[in-house]
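Chemist: Below are the structure tokens for one structure; questions will follow.
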Amino acid sequence: MNIEKLLGSPRSTLVEKVIQENRRDRTILFSRDVFSREPKPGQFAMVWIPGVDEVPMSVSYCGEDFAGLTVRPVGPATEALAALKRGDLIGIRGPFGNGFV
């Protein structure tokens, strides 16, 4: 079995908006078209931060045009995610996991 076909390659997308949820947490919004299929509640994405790392993150929002990840900076990768600004580039693979409805 081809592992790349199974897991996919990160698809690049631009950060469309960053919402400051409270003094620490931020939600990063990007085009939902980057997903290989519509995410369901409980699923996660692998998020690639160029020059830093790729980390699993729960999908916290999926609207008509945008999807989002809410992040609390606790280490190098999440600190880099929390520092992103509109127009920055990230990579997304997924969604993965078993969703629930």
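Chemist: Considering only strands (runs of 3 or more DSSP E) fully contained in the chain, which possess at least 3 residues that are surrounded by 12 or more Cβ atoms within 10 Å (Cβ to Cβ) and of a type in the set (A, V, I, L, M, F, W, C)? Don't jump to the end; show me each part of the working.
Modeler: Values: elements: 11-20, 26-31, 44-49, 53-58, 66-71, 89-96.
Counting at least 3 such residues, we get 11-20, 26-31, 44-49, 66-71, 89-96.
Chemist: Would it be correct to say that residue 15 is β-branched (Val, Ile, Thr) and either at pLDDT below 95 or in contact with a Pro (Cβ under 6 Å, 6 or more places away or on another chain) (or both)? Give the derivation first.
Modeler: Details: β-branched (Val, Ile, Thr): yes; either at pLDDT below 95 or in contact with a Pro (Cβ under 6 Å, 6 or more places away or on another chain) (or both): no.
Considered against the rule, which asks whether it is β-branched (Val, Ile, Thr) and either at pLDDT below 95 or in contact with a Pro (Cβ under 6 Å, 6 or more places away or on another chain) (or both), residue 15 comes out as no.
The values are calculated or read from the model by the stated rules, or taken from the named source; none is laboratory data. All figures in this text were calculated on a predicted structure; none of them were measured in a lab. Reconstructed Cβ throughout: ideal geometry from the backbone, glycine too, with neighbour counts over all protein chains shown.
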